Amino acid sequence: MSRTINAALGAAVGAGFLYQRRLRTRSERLSAATMETLLNAIDANDAQTGAHVRRVATYAQILAEAAGFDEHTLRSIERVALFHDIGKLHEALFDIFHEESKLTPQERRAVRTHPDRGEAVLDPLTAFYPDLGAGVRSHHEKWNGSGYPRQLKGRRIPLAARVVAIADSFDAITHRRRYSAGRSFTEAVEAIADGRGTQFDPELVDLFLTPPVLAAVEHAMREAHSPKRKKKGNRRKRENHPAPDVEFRWRTKTKKKPARDR
């Protein structure tokens with residue numbers, strides 16, 4: 001009798017385990033699909049930001065792999081890199097980021113809210129990626145505590161945000177924007193070196209400045225800026241990855257505002 005009961009209990013436990021594993025697998029697939037949809041929606045709403053976050057993710061992964069981080073950490077850094085600027089697509093900020101004229105003090109204050117806005121957008125995914133929101137919120141923090149929005153200092157800044165901060169700054173320096181011309185690879189490297197211990201984690205900067213990492217980053221930069229690659233990538237994107245019919249919940253379609261007088 002006891003053997004029959006034990007066998008029944010064992011079967012029930014096994015069935016419950018399999019059921020929980022199926023649920024977990026479905027949840028993981030759903031969360032991954034949600035992330036992919038969000039990334040495609042970034043492209044659809046602002047192709048410039050979409051291209052930027054992909055470049056940043058590439059540079060961040062080069063640095064993270066050189067640091068020897070485990071697979072979980074690598075994926076965490078990649079996610080933070082891909083979504084670090086999602087807060088810029090907020091309706092209140094979108095036009096500001098696409099202005100060609102110099103920002104007013106009020107606009108600069110508004111711009112500094114994008115890390116918090118990004119964390120808020122990603123909050124529903126916290127159950128799947130508990131470190132994503134904090135990483136996105138912290139990507140403008142500085143090693144010496146002078147960053148924003150919380151003036152975190154040193155190792156209080158999430159690791160993923162420290163890696164992404166270097167990659168983000170490198171891309172901001174080297175890539176041409178509406179309001180600034182892209183500077184050279186050498187100038188960008190010098191700027192990263194100058195920020196060692198003040199803006200950036202000194203150990204990560206030392207690693208970034210090693211010849212193997214610099215060579216990999218420079219190659220990735222040349223590839224990303226290649227006109228041939230851009231043309232090919234855009235065609236592939238149109239054919240295989242059509243823009244999804246998705247609107248962020250805080251975005252509304254409005255008539256384009258006339259250009260501000262300079």
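The values are calculated or read from the model by the stated rules, or taken from the named source; none is laboratory data. Here the structure is a predicted model, which is why all the values come from computation and not from measurement. In this analysis, Cβ positions are derived from the backbone assuming ideal geometry, glycine residues included, and neighbour counts consider all displayed protein chains.
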Taking only pairs six or more apart or across chains, which ones have beta-carbon atoms under 8 Å, a first residue in segment 189-216 that is under 19 Å from Thr174 (Cα atoms), and a second residue that is modelled with pLDDT under 95 and buried (at least 18 other Cβ atoms within 10 Å of the Cβ)?
-> Ala191/Ile173
Regarding Asp123, is this residue over 26 Å from Asp201 (Cα atoms), at pLDDT 90 or above and either under 20 Å from the mean Cα position of the chain (by Cα) or part of a loop (DSSP other than H, G, I, E, B) (or both)?
-> yes
Picked from segment 62-120 (must be hydroxyl-bearing (Ser, Thr, Tyr) and surrounded by fewer than 21 Cβ atoms within 10 Å (Cβ to Cβ)), the residue modelled with the lowest pLDDT is Ser101
crowded, with 17+ Cβ neighbours inside 10 Å and in a helix (DSSP H, G or I) - does that describe any residue in segment 147-160?
-> yes
Within segment 37-94, work out how many residues are farther than 17 Å from His114 by Cα, of a type in the set (Asp, Glu) and in a helix (DSSP H, G or I).
-> 4
Out of all the residues in segment 119-172, which are aromatic (Phe, Trp, Tyr) and under 22 Å from Glu36 (Cβ atoms)?
-> Phe128, Tyr129
